[in-house]
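A.B. asks: What follows is a structure written as structure tokens; I'll ask about it next.
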Amino acid sequence: MKKFGAELFGTFWLVLGGCGSAVLAAAFPELGIGFLGVALAFGLTVLTMAFAVGHISGCHLNPAVSVGLWAGGRFPARDLLPYIAAQVLGAILAGAVLYIIASGKAGFDASAGFASNGFGEHSPGGYSMQAALVTEIVMTAMFILVILGATDKRAPQNLAPIAIGLCLTLIHLISIPVTNTSVNPARSTGVALFAGGWAIAQLWLFWVAPIAGGMLGAAMYRLIGRE
């Protein structure tokens, strides 16, 4: 059970740190951290948790990562559903804590966004569903490619958390304007449940595209990385 607990607490930190930075600090008057700060926050959550729980659970923190590692032959099928359940639960708990904090400010309205992922009129830059779908598939595929490569036994040892954290930062720098960046169905679910309405209606894309991207990334690494 320790590895499932590690996934729960790790995903809790990812959502609280990443989405919390977006909800509480991104647009703070005159001092807001903006897109760059949010991108760094997501990367730092993965980097810190990789060192904290990577030796316990592998630090997936993301159903798409678990699926990608399974498809890449690095993760047993028997642990797939328990890992995903732990990740989603951790994300929902983080969403609840963030909601309690954010609702302490007068005028707070979770339905206005709450760091939820979206497309069309709910995309930060007004991007279409097709653009969002392609973005999430490609970004997740590249994320899995980096994870599989950085954790390969032939790669430099002990540097994987840095490469993975920086990769997630880069992904956010590219795709926040398109979808608010998911590449993680648990992260999307954890805040969408509190935003409600449109966020839940569009949540399907942020499960389908990252999972598809995870499997694509695994196939890509099998093609180029197999000994």
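A.B. asks: Might you check whether a residue that is part of a helix (DSSP H, G or I), surrounded by fewer than 19 Cβ atoms within 10 Å (Cβ to Cβ), out of contact with any Gly (no Cβ under 7 Å at 6 or more places or on another chain) and among the aliphatic types (A, V, I, L, M) occurs anywhere in region 175-184?
C.D. replies: No: region 175-184 contains no residue that is part of a helix (DSSP H, G or I), surrounded by fewer than 19 Cβ atoms within 10 Å (Cβ to Cβ), out of contact with any Gly (no Cβ under 7 Å at 6 or more places or on another chain) and among the aliphatic types (A, V, I, L, M).
A.B. asks: Okay, next question. Would you mention how many residues in region 1-28 are farther than 19 Å from Ala110 by Cα and outside any helix (DSSP H, G or I)?
C.D. replies: Residues meeting the conditions: 1.
A.B. asks: Could you go through region 32-41 and let me know if any residue there is more than 30 Å from Thr151 (Cβ to Cβ) and not in a helix (DSSP H, G or I).
C.D. replies: yes
A.B. asks: Restricting to region 203-217, count the residues that are open to solvent by 10 Å² or more (accessible area, probe 1.4 Å) and touching a helix residue (DSSP H, G or I) at 6+ places or on another chain (Cβ under 6 Å).
C.D. replies: Result for region 203-217: 6.
A.B. asks: Only one of Gly165, Gly125 is farther than 21 Å from Arg222 by Cβ and outside any helix (DSSP H, G or I). Can you tell me which?
C.D. replies: Gly125
A.B. asks: Got a sec? Which of Gly18, Gly90, Gly68, Gly43 is over 13 Å from the mean Cα position of the chain (by Cα), modelled with pLDDT of 95 or more, open to solvent by less than 10 Å² (accessible area, probe 1.4 Å) and not aliphatic (A, V, I, L, M)?
C.D. replies: From the options Gly18, Gly90, Gly68, Gly43, the qualifying one is Gly68.
The values are calculated or read from the model by the stated rules, or taken from the named source; none is laboratory data. All figures in this text were calculated on a predicted structure; none of them were measured in a lab. Using ideal geometry, Cβ is built from the backbone for each residue, glycine included, and neighbour counts are taken over all protein chains shown. These area figures cover heavy atoms from the full protein model, side chains too; ligands, DNA and RNA do not enter into them. Shrake-Rupley method; radii C 1.70, N 1.55, O 1.52, S 1.80 Å.
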